[in-house]
1. Quick one: length gained pulling residue 214 to residue 6 fully straight, 0.36 nm per residue minus the C-alpha distance?
2. Between the helical axis of 104-118 and the dominant principal axis of the chain, each derived from Cα atoms, what acute angle in degrees is found, rounded to the nearest 10?
3. Quick one: go through region 256-279 and flag any residue whose amide nitrogen is under 15 Å from the point 7 Å out along the Cα-to-Cβ line of residue 192.
4. Relative contact order of region 198-342: what whole-number percent is it, with Cα pairs under 8 angstrom and at least 6 residues apart?
5. I need the shape label for region 60-144. Rule: rounded when a/c is under 1.5, else prolate if a/b > b/c, else oblate, with a, b, c from the alpha carbon gyration tensor.
6. Which one, 221, 200, 146, has the greatest fluctuation when you compute a Gaussian network model over the chain with C-alpha springs under 10 angstrom?
7. Express in nm, to one decimal, how much length is gained between residue 57 and residue 30 on full extension, taking 0.36 nm for each residue of separation and deducting their alpha carbon distance.
8. To the nearest Å, what is the center-to-center distance of region 250-270 and region 99-115, using C-alpha atoms only?
Amino acid sequence: MRGWRVWAVSIALVVLIAEATALSLATGPAPLPPGKAFRVLLSPLPGLHHLADDANARERQIIWEVRLPQFLLAFLVGAALAVAGVVLQSLFQNPMAESSIIGVSSGAALGATSAIILGWDFVAWGLSGRTVAAFVGAMGITALVYVLSRRGGRTPVGLLLLTGLAVASLCSSVASLILLLGRNHQVTDVVIWMMGSVSYQGWQEVKMIVPWALIGSAVAYVYSRELNALLLGDEQAAFLGVPVERVKLVLLGCGALLAASSVAVAGIVGFVGLVVPHVMRLLVGPEHRVLVPLSFLAGGLVVTLSALVSTLLGAVPLGIITALIGAPFFLYLLHRQGSYRF
C-alpha cells in the first residue's frame, strides 16, 4: 500500500513542478502565455534559431536573464532547505529541528549584516561580498558549535542542541547591535535580506548553490541507512554497526552546508526545512531512501510556488510568503493526524 502511495506522491510532485515551471516563466511584470514562454526558452538552443526573431528578443532576455535563474534559484533553495531539515531532524531525533537550531541562519545573518554595514563591496568567485560573508558566517558558526559541543571525543546531541541555541542567540544579538550602529538605508537592506528573496538574484547565485544543493542532497541519500538507524538512538545505531560519531559529523556538515548555501544566496527563508519533512513523513513514511528525494522535490516546489506568489503580490519578501503558507497548512495537518511521531 505504501509503495503505491510513494509512486502517487512522486508523480503528483513531478506534475506540479512542471506546472510551476510554466507559471514561473510566464508570470511577471510582462506576462506571457505559458506556451510562448516555453518556445522563447527553447529559441536560443542550437538548431532552433528559426523560432526566434527580433520581435521576441526582449522576451528571450526576460526569460533567460531574469525568470529562468530566479526559478532555478527558488527551486534549489527550497530543495536544499528541505533536505537539510530531513537530515537535522533525524540527527537531533527531534521533529522540530531545523537549520536555525545549529546557528546556520544566525551565522549567515551575522555575516551578511557585517558585510552590508561595513560596506564590503568586494566580488569573489563572481559573487557579492554579502553572499560570501553570509556563507562563511554560517559555516563558521556551525563549526564553532560543533567544537564547543565535543566532550571526550563524543558529541552528545543534547549538548549540541543547547550550544547551537546559545550561539545562535549570541549571533542574533551581535547582528542587532551592528544594525544599531549602521545607517538607515543599510538597516533597510539588512531587514529585506533577512526576510528572504530571489527577486534580484541571477545566474551567479544559481551557480553558487547548484554544487552544494546537489552534493549535499546526494550525501544525505547515501547516508539513508545511517539516518534510519539514528532515529532509534545512538546506542541502537552503534549496535547496528553505524560509526555514530563520524556519521554525526558528516550529517551535521551536510545539513549545515545545504542550509548555509541557501541562506547565503536568498536570505532567511523560514519554515521550509521544518514543514516539508513533516508533511512528507506523513505522506510516505520515515524511510530516508524515499524521504530524501521526495523532500528535495517538495521543498523546491514549495519555494517555487511561494516565489510565484511573491511576484504576483509585487515582490513581497519570500520569507513572509513561506510563513503565511506553511504555518496554517502545517497546523491543519498536525490536527488532522492527531499526534505526530517519527
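The numbers here are math on the coordinates, done by the rules we state, and not lab data. All values reported here derive from a predicted model rather than from experimental measurement. Cβ coordinates were reconstructed from backbone atoms using ideal geometry, including for glycine residues, and neighbour counts include every protein chain displayed.
1. Answer, rounded to one decimal: 72.7 nm.
2. Taking the Cα atoms of the chain, the angle to 104-118 is about 50 degrees.
3. Answer for this model: 266-268.
4. 29 percent
5. Oblate shape, in that a/c is at least 1.5 and b/c is the bigger or equal ratio.
6. Sorting by GNM fluctuation, first place goes to 200.
7. Result for the pair: 8.4 nm of gain on full extension.
8. 10 Å
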